[in-house]
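Scroll down for the structure; my scribbles are underneath it.
Bear in mind these aren't lab numbers, they're just calculated from the coordinates by the rules spelled out. Keep in mind that what you see is a predicted model, and the values were worked out from it rather than measured. When we count neighbours, we look across all protein chains shown, and the Cβ atoms used for this are built from the backbone with ideal geometry, even at glycine.
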Number of protein chains: 4
Amino acid sequence: MKERLGVGMVGYAFMGAAHSQAWRTAPHVFDLPLQPDMAVLCGRDGTAAQAAARRLGWAEAQTDWRTLIGRDDVQLIDVCTPGDSHAEIAIAALDAGQHVLCEKPLANTVAEAEAMAAAAARASARGVRSMIGFNYRRVPAIALARQLVPRLGQLRHVRASYLQDWLVDPAFPLTWRLEREHAGSGALGDLGAHIVDLAQYLTGELITGVSGLTTTFVTERPRPDGSGPGPVTVDDAALFSARLGAGIVASFEATRFATGRKNGLRIEVNGERGSLAFDLERLNELEFDDQTQELAGFRRVLVTEPTDPYVSAWWPPGHVLGWEHTFTHEVADLVSAISAGTDPAPSFADGLQVQRVLDAVQDSAEHESRWTAVPAA
Amino acid sequence: MKERLGVGMVGYAFMGAAHSQAWRTAPHVFDLPLQPDMAVLCGRDGTAAQAAARRLGWAEAQTDWRTLIGRDDVQLIDVCTPGDSHAEIAIAALDAGQHVLCEKPLANTVAEAEAMAAAAARASARGVRSMIGFNYRRVPAIALARQLVPRLGQLRHVRASYLQDWLVDPAFPLTWRLEREHAGSGALGDLGAHIVDLAQYLTGELITGVSGLTTTFVTERPRPDGSGPGPVTVDDAALFSARLGAGIVASFEATRFATGRKNGLRIEVNGERGSLAFDLERLNELEFDDQTQELAGFRRVLVTEPTDPYVSAWWPPGHVLGWEHTFTHEVADLVSAISAGTDPAPSFADGLQVQRVLDAVQDSAEHESRWTAVPAA
Amino acid sequence: MKERLGVGMVGYAFMGAAHSQAWRTAPHVFDLPLQPDMAVLCGRDGTAAQAAARRLGWAEAQTDWRTLIGRDDVQLIDVCTPGDSHAEIAIAALDAGQHVLCEKPLANTVAEAEAMAAAAARASARGVRSMIGFNYRRVPAIALARQLVPRLGQLRHVRASYLQDWLVDPAFPLTWRLEREHAGSGALGDLGAHIVDLAQYLTGELITGVSGLTTTFVTERPRPDGSGPGPVTVDDAALFSARLGAGIVASFEATRFATGRKNGLRIEVNGERGSLAFDLERLNELEFDDQTQELAGFRRVLVTEPTDPYVSAWWPPGHVLGWEHTFTHEVADLVSAISAGTDPAPSFADGLQVQRVLDAVQDSAEHESRWTAVPAA
Amino acid sequence: MKERLGVGMVGYAFMGAAHSQAWRTAPHVFDLPLQPDMAVLCGRDGTAAQAAARRLGWAEAQTDWRTLIGRDDVQLIDVCTPGDSHAEIAIAALDAGQHVLCEKPLANTVAEAEAMAAAAARASARGVRSMIGFNYRRVPAIALARQLVPRLGQLRHVRASYLQDWLVDPAFPLTWRLEREHAGSGALGDLGAHIVDLAQYLTGELITGVSGLTTTFVTERPRPDGSGPGPVTVDDAALFSARLGAGIVASFEATRFATGRKNGLRIEVNGERGSLAFDLERLNELEFDDQTQELAGFRRVLVTEPTDPYVSAWWPPGHVLGWEHTFTHEVADLVSAISAGTDPAPSFADGLQVQRVLDAVQDSAEHESRWTAVPAA
């Protein structure tokens, strides 16, 4: 019999549902060293939390996340709340000796992120693990891309964009994601965090400086409670250029106003010898070009072979995976790391570093786009 | 509390794993009227069945499917075995008053399929339901395509192909899928069944006649037990043309030798006013062309909107689904039909009709491709 | 100074305009061994022919093609008329010692095609050259594909389709292309001829037998002269399967009712080790898959490199060519062969063989699709 | 008989060959109001110029462009030289009463461009016309896109990139295009000029400010004369963000180091109601998305219908055009404007404005990417 790993999840909206699917599925698909137990779901509205627990497969519901901290049967806290509560919950859990999986962005401010990274470092010294949920690292095509990057030779360009369009309608309401005090930023933190992480993950280099531009197209929206219009206090779109490592130049764009692009995360890396390109809307495919070969050209690699990362646990070639599988992979890797006594990646320190990049973009955007260095760790 | 629906599954290989994922997931994603209970998995090898039950989430394992027939706590039998045992298991279950979900093709022979359809008709009269697993009907893009077909006006063309390449290597062993006594046929039954069903489902018309051509490229392969080469007794590829309803002409191709095509099911329908095209390797997309509009052209519809079939139960726009989700949808629809007291689709009669089409193709192929009528029901 | 090659063109409609562009352009792009002189254009309507000559760049216009036969300043006759006059014109020219370029299909009947091939053989013995205008052989991507076919290993599959949609509207008038006495057949001869030639050209194998199905969706159309409806006497669509050489199976479809497909000639070849795919609507691209490599997948080869066939005469990489360039290449190759004293390809014999395949398809379609052998040369 | 328009072309390399093809072709495809006469080609090397004139179809060759100025039989000067000689030639011709077609970028410096625009204004007052060769405005798909932009509603985003890869190899020699004194700038002027013009042309808005970043990856290259390495004095890549009109944000990237991208000019425009996307490597296609329709999605519009801009002069639907056709369209429009007595677009003033944008990018790049306003005309 496998050892049990009790899990408590805070938050049960979009991310909570995705994480629940992962916790339910991972033990049946991967040969996990520990047996996750979906012990308790936590949400502020008791009735809703109860219903969510039943629907999503959690044994129990609570309304105060503090009741989960230090609970004997909860070895891991999965933080799926808005960014403004990440720090408090994650630090409390880590300090209480509970492993933490925290959704991105790590926090709403660099200060909070620093406190979280410090708590993670303290915890790690005591064998307590933490991980930030940059789930797209675990798309099989992205994991394969990372393996291939050395074949590209010296890297020259990254172009990354994350395009959505759900704010195009000015009548869309003023939800928490559009308020700075809850969300920290808009497209920049929500979408930009993903592409900053991917660019750094794939190239193996850190962003050293940025020049940024942000804009809010629709500055006022109806409040959800019907109390009239309120101000949008986050960016609708963020564009920035950057330098990574020694010599790579990169362009980034994150927006919620790219009409017709629903979840359009695209990233391309050009190196001396070849290139890679990826599109999240076709996440089973990786475009790879080796210009040292005759008949060069971007080939569409269907990343569904048993030799591809994560794939052997699933289906035969050509039987494609979906978006949610990234969370199942995340959970599987996290559980393996916990069992192995190693720190999983990406770490809170990685999340902090991404936060510093986003902060530099914001700072540059507020100062005439002037070049802004990203502080080293 | 919801009423329980005890499920027993026979077979636990590729299809068994896919069905298990569906049974585990459906109750957490869809609001099912009954509560499926994964009661028992059945497989001939006791140790392996036990391990599979644990891994796939079934409460118990058995080695003889007969022990499941009539069992009080098993209201539904899910048949995931090779085609040569479908008839015996399904008929026994139906006659014992147990609902049946049976993988495709319905059976290896028309005679068996007729017996199964007769059993299903008898059962239906007593409120016992049966369904054949043409899971691709439940790809959201296919379900949407069906809704759109009336907008195409009078239909003219269907072209359907199901291209795989896993037999290209002559060293690939002689598994049961390559032996007529177990599999009935090769690419024709395994892959052709899907595209025949889809062509008829989408057009709403039946195939009335066919002209067929089959071939076996590699006629001898090594036996898996190391006892030397044995004869391949099924087709490696099958091509056929057909007429559907009054005036539609169609081409079909099923093959396991289309090098580079992993799970390439493609279907295109042309009507007087527009066209539809679908590719299973990009199953979240539907190509739709309305030639009555200015600026006509195939548009790539990302079928991930909440208004699209099945999608609202899952994720926001652009967050794509995978191949396995078709089984979750299948299970959800089946459970709903059982609860509602209606016969789910596709029925065993639908499966029988597809079998008759495949039989006519085989017959034509054995008689110089001459035109062969498909007997009416 | 280069030796002059006087050209007389018969017909000045769609094909005449395309050939004129080729004759005007080839000497400026390719280093031709002879200097083509656009001497005379011939058309039955004097005024129209005169205007066409001026517009298309011909020095003179005539109304009777017989005046061109044997004319001292006309060394080559370019036949761009409907198929029912090909034989008479081409044979007269060849017998008079004039080289002939003849549009496809070679003729409307096998008997005519045989007479033409015989005339071409007689002429060749006297140093007089003939060529049939299967222009798609001279798309750079197709010419490259032919070079790559040996890398695919033993060939298994060809699937070829030529999809257009200009007859979808039942009000489209009854032009000569829809009358058997002028056009010979419909989609079969017009479009099917191209894909039969390409399939044989690319594989290097001949079609040995076929099973065919033809249909006419709209059986009556308005006469262009306003005299009311008349019967459509050719096929609107033709589907056929075939065997090539020893062991290749192939599917073909030619139609003018594939709504949304404008000039959709697609051909795919699968071999043991890889595959090729081509789409005329994206004629600068070739999809190539080498499954013996790691990271296999169809790569999009942009066939615009200086090492690609015909390309070095044109523009730098990525500066794409168009449909009309195939005729310029055709003319350049023809002039080179004439100068070199060799027979250009494709020959009238090649055209005759394609005609025999189409004839066998027609015959099969009229006899319940039964398998029909294609007579050897 | 049409009035004659004598043309003299200066320069006969890549652009000269493309312009020659246009001058040769336009009168046979379009019904031009004047008859262009390819009178004289001018190049510094007499033997080479003579050979080029013969090959490209010009009646005569000269070695000094000054001999063309004011020549009675030359009404139009076509400037195809490197950027450092544009101003001198164009101004001399305009002042002598000769119409001018000038390749882009208009000049190497804003000062030169201002002088040219002033000369063009003076000339226009006397009925002498001038045009800058932003040929991509005359891709049919781009011309169609411009017509469609009003349907997108309020514009939000432009993303434009022009990606090539011909400098990836560090052994590529130090040609004039890599020297600031001849080329003015690198990717920025050569490629960036095109996308700046297209972004402004499509949106109908001017760029008001920019933030730029340029880089030179390979700072030294072998001199073509074998005299050892020399310094690269232009940018290899330029990235910039911009604002257009009131509220549009845009990202631009021009590079010669995007491995695998041969002539990858892509531009996307997002508006409140829909989007457009274009890729020069597939220049017969326009992607259009109307999100106010049900079944929204980017549709692939094949821009080959007789109703599409320029297309009716060419071939039937689906018979695709190539890159060179843009010059034929340019020439046709220019000749029509000359005959009509109107100023053609894009004008030298348009070229100057693009130059100011590029200058601002350069300036920003040299000052820590800080936001830099583009001076108004």
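If a spin label sat at a point 7 angstrom from the Cα of C:Ala96 along the line to its beta carbon, the backbone N atoms of region C:52-77 nearer than 14 Å would be those of C:62-77.
About the centre of its Cα atoms, the protein assembly as shown shows a dipole size close to 0 debye [charges on the beta carbon of Lys, Arg (+1) and Asp, Glu (-1) only; nearest 20 debye]. Note on D:Ala313 and A:Ala48: their simple-model spin labels are 6.3 nm apart, each label 7 Å out from Cα toward Cβ. For the protein assembly as shown, the mean residue ellipticity at 222 nm estimated from helices alone is -9500 deg cm²/dmol, where every DSSP H run of n ≥ 4 contributes -39500 (n - 2.57) and the total is divided by all residues, rounded to the nearest 500.
Across peptide A:264-270, the mean count of Cβ atoms from other chains lying within 10 Å of each residue's own Cβ comes to 3.
Normalised by the number of residues in region C:267-353, the average gap of Cα pairs under 8 Å and 6 or more apart makes the relative contact order 15 percent.
Express the relative contact order of region B:3-135 as a whole percentage, based on alpha carbon pairs under 8 Å and six or more residues apart in sequence. Relative CO of region B:3-135 lands at 22 percent. Across peptide C:157-164, the average count of Cβ atoms from other chains found within 10 Å of a residue's Cβ is 4.
For D:Val110, what charge total do you get from the other residues with a beta carbon under 12 Å from its beta carbon, if Lys and Arg give +1 and Asp and Glu give -1? Net charge in that neighbourhood comes out at -3.
Net charge in the neighbourhood of A:Thr214 (other residues with Cβ under 9 Å of its Cβ; Lys, Arg +1, Asp, Glu -1) is -3. Long hydrophobic helices in chain C, taken as whole DSSP H segments with a C-alpha length of 18 Å or more on their own axis and mean Kyte-Doolittle hydropathy at least 0.0: C:110-125, C:325-340. Here region A:144-174 and region B:46-87 have alpha carbon centers that stand 45 Å from each other. Residue of chain B with the Cβ closest to the rotation axis carrying B onto A, and that distance rounded to whole Å: B:Gly322, 2. Distances between copies of D:Glu60, taken at a point 7 Å out from Cα along the Cα→Cβ vector and listed shortest first: 3.0, 10.0, 10.4 nm. Distances between copies of C:Gly46, taken at a point 7 Å out from Cα along the Cα→Cβ vector and listed shortest first: 5.1, 10.3, 10.4 nm. Here is the tail figure for region B:263-344: Cα pairs spaced more than 20 Å apart come to 48 percent of all pairs.
Averaged over the residues of C:204-213, the number of partner chain Cβ atoms lying within 10 Å of the residue Cβ comes to 3. You can think of it this way: the chain between C:Thr109 and C:Ala376 has 94.5 nm of extra reach, that is 0.36 nm per residue less the Cα-Cα gap. Out of residues 5 or more away from A:Cys42 or on other chains, whose amide H comes under 5 Å of its own, with H placed 1.01 Å from N in the peptide plane? Amide H neighbours of A:Cys42: A:Met9, A:Val10, A:Gly11, A:Gln62.
Mean sequence separation of contacting Cα pairs (under 8 Å, at least six apart), scaled by the length of chain B, corresponds to a relative contact order of 20 percent. Divide the volume of the convex hull around the Cα atoms of chain B by the residue count and you get 143 Å³ per residue. Shown is the FRET efficiency for D:Thr63 and C:Gln147, computed with R0 = 56 Å from the Cβ-Cβ distance and rounded to the nearest 0.05: 0.85. Between copies, the label points at A:Gln147 (set 7 angstrom from Cα along Cα-to-Cβ) are spaced 3.3, 4.0, 5.0 nm, reported in nanometres from shortest to longest. Amide H contacts of B:Ser130: B:Val100, each under 5 Å away and 5 or more positions distant or on a separate chain (H built 1.01 Å from N in the peptide plane; Pro and chain starts excluded).
The label-point distance for D:Arg223 and C:Asp72, in a model that sets each label 7 Å from Cα toward Cβ, rounds to 6.0 nm. Relative to the Cα centre, the charge distribution of region C:3-135, modelled as +1 at Lys and Arg Cβ and -1 at Asp and Glu Cβ, gives a dipole magnitude of about 180 debye.
Once you've got the Cα coordinates, tell me which of A:Lys104/B:Lys262; D:Lys104/D:Lys262; C:Lys104/D:Lys262 are over 27 Å apart. From the list (A:Lys104/B:Lys262; D:Lys104/D:Lys262; C:Lys104/D:Lys262), the Cα-Cα distance tops 27 Å for A:Lys104/B:Lys262; C:Lys104/D:Lys262. The share of Cα pairs per 10 Å bin across region D:3-135, counted from zero up to the longest distance, runs 13, 46, 34, 6 percent. Just how many % of Cα pairs in region D:174-225 lie over 18 Å apart, if you round to the nearest whole percent? Percent of Cα pairs beyond 18 Å in region D:174-225: 45. Counting every C-alpha pair in region A:118-203, the share spaced more than 22 angstrom apart comes to 50%. Normalised by residue number, the volume inside the convex hull of the Cα atoms of the protein assembly as shown is 187 Å³ per residue.
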